[in-house]
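First up is the structure itself, then whatever we jot down about it.
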Amino acid sequence: MASTTHPHAFHFDRAVDSYWEASADPLRIDTPPLTGAETCEVAVIGAGFTGLSAALELARQGVDVRVLEAGHVGWGASGRNGGFACMGSHKLSYPAMIRRYGLDATKQFYETMRQSVALVRDTLQRCGIDAWATADGEVTLAHLPSRVRELRDEQAFLRRTFGDETEFLSREDLKAQGLDGPGFFAGLKGSVGFGVHPLNYARGLARAAAGAGAKIHGRSRLMRWEELPGGHRLHTRGGVLKASQVIVATNGYTPEDVSKRHAGRLMPALSSVIVTRPLTNDERRAQGWTSDLLAYDSRRLLHYFRVLPNGRFLFGGRGGADASDRGEAAYRPLLTRAFKELFPAWSDVEITHYWRGFVCLSHDLVPYIGALDAKKTVWTAIAYHGNGVAMGSWSGRAVARLLTGKAARGELSPVLTRRLSRFPLPAFRPLYLKGAYVWYGWEDSR
């Protein structure tokens with residue numbers, strides 16, 4: 001698989017021991033492994049938000065589409081994330097984005113992110129998916145007094161540049177709105193973004209895609225890819241799928257040893273999550289955290305957290321460079337300690353679930369949607385930088401529309417379509433990541 005990760009991370013034969021897996025609705029459709037020789041117009045690799053959204057769009061257009069998934073629907077990041085349907089699918093700052101792509105392109109990208117959140121809400125309603133959707137709203141929390149000024153500046157920038165109105169929250173405001181904690185000094189509250197049960201959402205997308213005519217093959221790991229003049233042959237353990245065109249929708253789990261088109265272009269990075277038992281109202285009041293807003297702090301190696309509709313508390317964080325089983329066990333106490341420091345009143349609350357998975361970074365620090373070959377027979381939508389619930393959904397639909405000609409490349413922001421560049425000396429990506437963590441850790445302490 002991807003050269004930057006440990007093989008322990010690719011346990012396709014078993015589901016991750018997450019709270020989402022423990023609480024998800026049944027899939028209720030058959031997703032048999034690929035067997036024998038089959039053909040289709042478009043093959044989609046990956047049954048997550050991106051791949052399923054692409055398959056749904058293609059099937060609605062009457063395209064013969066099949067999805068190959070190495071594990072089960074939502075096995076990867078789509079079934080492991082924190083369930084934040086929100087903006088922020090990039091790590092490139094807006095000023096840097098404006099310098100590189102221009103103001104108009106940046107404004108268009110910003111609007112695309114807003115549309116992506118709305119698309120998820122609309123899809124849940126249209127497809128009848130019970131994904132535990134919460135009310136709208138999210139808040140960024142200053143984790144140091146020195147970051148309070150930055151939130152003020154960000155508020156002014158968002159209003160001036162994008163016409164986006166946010167609410168600045170003082171420490172007193174945080175307490176009054178049930179967002180209290182010893183490590184939070186101010187907040188910036190926005191109206192876009194809501195919480196979902198991500199695996200319920202992924203399974204709902206799969207049912208919708210199958211209902212529209214797409215065929216989904218689980219336990220069908222891509223082992224070999226032949227690119228031929230007349231199309232593509234995708235080999236799994238049990239069969240061969242011939243397709244005229246291919247969409248790669250595997251994000252942080254992209255197999256660089258099967259197709260070289262993504263090689264050296266992506267950086268998988270670990271994100272880990274814990275979930276507590278349900279909290280009582282008294283426990284929430286004792287901590288001062290009674291809000292159901294999506295929340296994350298201002299760290300580069302950020303923490304993200306929210307109360308689930310059933311009262312459990314989800315707490316996640318970026319960090320850790322060892323994707324092995326040993327590394328997974330070693331990171332749990334670090335994440336737990338951070339949780340207890342930020343929410344000391346819950347130090348003795350039982351943690352019932354812990355898991356981790358990959359987010360996906362690009363060298364340009366923005367997502368990419370488009371073709372990967374001159375003939376436009378290989379496509380991808382990828383690299384959401386830890387915010388793929390909404391952007392993955394929008395990008396999957398967008399890449400399907402580009403493939404069929406229903407949308408033109410010029411209709412998308414150049415931020416998304418310009419390139420998917422390689423990392424310099426890509427073999428050293430693990431060292432880049434470790435170095436970045438050291439630097440970010442130093443920045444987060446200032």
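The values are calculated or read from the model by the stated rules, or taken from the named source; none is laboratory data. Here the structure is a predicted model, which means the values were calculated and not measured. Glycine also receives a Cβ, built like all others from the backbone with ideal geometry; neighbour counts cover every protein chain displayed. Accessible surface areas use protein heavy atoms only, side chains included; no ligands, DNA or RNA. Shrake-Rupley method; radii C 1.70, N 1.55, O 1.52, S 1.80 Å.
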Given backbone amide H placed at 1.01 Å from N, residues whose amide H is under 5 Å from that of Ile216, ignoring those fewer than 5 places away on the same chain, are Val67
Amide hydrogen neighbours beyond the local backbone of His303, cut-off 5 Å, H modeled:
Asp297
Which order, highest average first, do 138-149, 17-28 follow once you tally other Cβ atoms within 10 Å for each residue and take the mean per peptide?
138-149, 17-28
For segment 125-133, Karplus-derived ³J(HN,Hα) couplings (6.51, -1.76, 1.60; θ = phi - 60°; whole Hz; x for glycine and proline) come out as 6, 5, 9, x, 9, 8, 10, 6, 5
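Summarise the accessible area of segment 312-446 (1.4 Å probe, protein heavy atoms) by the percent that is carbon and sulfur. List each step's numbers first, then the result.
Values: 3210 of 5790 Å².
Roughly 55 percent of what the probe reaches on segment 312-446 is carbon or sulfur.
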Along segment 425-442, what does the Karplus equation 6.51 cos²θ - 1.76 cosθ + 1.60 (θ = phi - 60°) give for ³J(HN,Hα), rounded to whole Hz, x for Gly and Pro?
6, x, 4, 9, 4, x, 6, 4, 5, 4, x, 5, 5, 5, 5, 5, x, 5
Approximate spin-label separation Ala407-Lys242, in nm, with each point projected 7 Å along Cα-to-Cβ:
3.1
Using 0.36 nm per residue of separation minus the Cα-Cα distance, give me the extension gain between Ser170 and Ala135 in nm, one decimal.
10.4 nm
What percent does the relative contact order of the chain come to when contacts are Cα pairs within less than 8 Å and at least six residues apart?
26
Taking only C-alpha positions in the chain, Rg and Dmax in angstrom work out to 21.1, 66
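For segment 151-208, which GluC sites (Glu not before Pro) are both in a DSSP coil and crowded by at most 13 other Cβ atoms within 10 Å? Write down the numbers at each step before the final one.
Working: sites: Glu154, Glu165, Glu167, Glu172; in loops: Glu165.
Passing sites in segment 151-208 are Glu165.
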Where labels lie 7 Å past Cα in the beta-carbon direction, separation of Leu365 and Arg149 in nm:
2.1
For segment 116-252, what does the relative contact order come out to in percent, with C-alpha contacts under 8 Å and a separation of six or more?
24
List the chymotrypsin sites (Phe, Trp or Tyr not before Pro) in segment 167-203 that DSSP assigns to loop (not H, G, I, E or B) and whose Cβ has at most 14 other Cβ atoms within 10 Å. Which are they?
none
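What ratio of Cα Rg to 2.2 N^0.38 Å holds for segment 101-191? Provide the component values of the computation, followed by the final result.
Numbers: Rg = 15.9 Å, N = 91, 2.2 N^0.38 = 12.2 Å.
Cα-based Rg divided by the globular estimate yields 1.30.
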21 Å Cα cut-off, lysine pairs counted over the chain (separation 8 or more, or different chains):
14
Under 5 Å, built H, 5+ apart or other chain: amide partners of Thr352
Val275, Thr276, Arg277
Give me the number: length gained by fully extending Arg99 to Leu431, i.e. 0.36 nm times residue separation minus the C-alpha to C-alpha distance, one decimal in nm.
116.7 nm
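Glu341 to Ala321: extension gain in nm, 0.36 nm per residue of separation minus the Cα-Cα distance? Write down the numbers at each step before the final one.
On the way: separation 20, 0.36 × 20 = 7.20 nm, distance 2.22 nm.
Here the answer is 5.0 nm.
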Hey, what's the chain come to in accessible area per residue, 1.4 Å probe, Å²?
40
